[in-house]
Structure formats: C-alpha cells, structure tokens
Amino acid sequence: MDALHPRLLVGDFGASFRFYAAVLPELVGAELARGSAEGPYASWDVGGEGVLALFDRAGMGGAGDSGGGGGGVMLVSRVADVDAGYGLCLRHGAVGVAEPADRPEWGPGLRVAHLRDPEGNLWELQAY
C-alpha cells in the first residue's frame, strides 16, 4: 500500500522520466513500477512501496497550474554517497544548487547536497 508518496506534476514528461529513470535505481534502489517515457504517468517503487510518481501537468487541466517548479516542496532522499549521487544527477541533467557539504549543525554526521531536477524541483541528497 502506498500510504504517502510524492507525485510531481511536470511540463516536459519525457525529460523528467529520463532523469528519474536514470538516477533513482542507483540512488535509492527504486524500480520502475508503471509507465514509460511517453507518459502521461509513471511511478517507481522500493520494495513494492511507491517512492515517486510523475504525471503530465497537462492532464490535470487547470488544477495542475502552479506557476513554476518547486512550489515550496523539497524532495529529500537518504543515499549511500552524497558526492557520487550529486555527480550522477548532474550528469543526467540536474542543476546544482549547493555542492556536497558536511552539516553537523543540522545533525551528527550529516552530509547533504541540493540540486534541481529538470522541472526545477528542489531535491536534497543526504547521508548520515
């Protein structure tokens, strides 16, 4: 049962699909559960539980209008290696916001990096 998971409304479904299909398996062990690059819907699971879904914004009609990516939401993923994950995402089209850095003031042993996906959604990669 997918109790709660993010569904990103995207304008360029193909670009977003290719980005997440390229990085999610290595970063969090996610497998494509449904959909394809043709859209309008795709989702990835870890252990049978939903971790991320994409939906073509056009399919939402007026309900999908947000005035831009992000909307005050940040994705956060725990990863094995922040530096490697950050590099992987950049190679697949993400835009760096903050390079990997230790953040002990946020938590013991915490290392984080921030980037934006092809739609402009903010994503924090963290390890601790």
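The values are calculated or read from the model by the stated rules, or taken from the named source; none is laboratory data. Since this is a predicted model, take the numbers as computed values, not measurements. Please note: Cβ atoms are built from the backbone with ideal geometry, for glycine as well, and neighbour counts cover all protein chains shown. Heavy atoms of the whole protein, side chains included, go into the accessibility calculation; ligands, DNA and RNA do not. Shrake-Rupley method; radii C 1.70, N 1.55, O 1.52, S 1.80 Å.
Restricting the stretch 33-53 to residues that are more than 19 Å from N121 (Cβ to Cβ) and in contact with a strand residue (DSSP E or B) (Cβ under 6 Å, 6 or more places away or on another chain) leaves a set whose member that is least open to solvent (accessible area, probe 1.4 Å) is D45.
Residue-by-condition table, conditions (1) part of a helix (DSSP H, G or I); (2) at pLDDT 95 or above; (3) open to solvent by 40 Å² or more (accessible area, probe 1.4 Å):
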| site | (1), (2), (3) |
| --- | --- |
| L4 | no, no, yes |
| V23 | yes, yes, no |
| F55 | no, no, yes |
| M60 | yes, no, yes |
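Among the residues of the stretch 92-116, those that are out of contact with any helix residue (DSSP H, G or I) (no Cβ under 6 Å at 6 or more places or on another chain) and of a type in the set (D, E, K, R) comprise E99, D102, R103, E105, R116.
Based on what the data block shows, is R111 exposed (fewer than 15 other Cβ atoms within 10 Å of the Cβ), within 20 Å of G29 (Cα to Cα) and not β-branched (V, I, T)? Write out each step before concluding.
Details: exposed (fewer than 15 other Cβ atoms within 10 Å of the Cβ): no; within 20 Å of G29 (Cα to Cα): yes; not β-branched (V, I, T): yes.
It is false that R111 is exposed (fewer than 15 other Cβ atoms within 10 Å of the Cβ), within 20 Å of G29 (Cα to Cα) and not β-branched (V, I, T).
Among residues that are at pLDDT 95 or above and open to solvent by 40 Å² or more (accessible area, probe 1.4 Å), A84 is included.
Considered as a group, the residues in the stretch 91-108 that are open to solvent by less than 70 Å² (accessible area, probe 1.4 Å) and touching a strand residue (DSSP E or B) at 6+ places or on another chain (Cβ under 7 Å) include one that is farthest from V10 (Cα to Cα), and that residue is A101.
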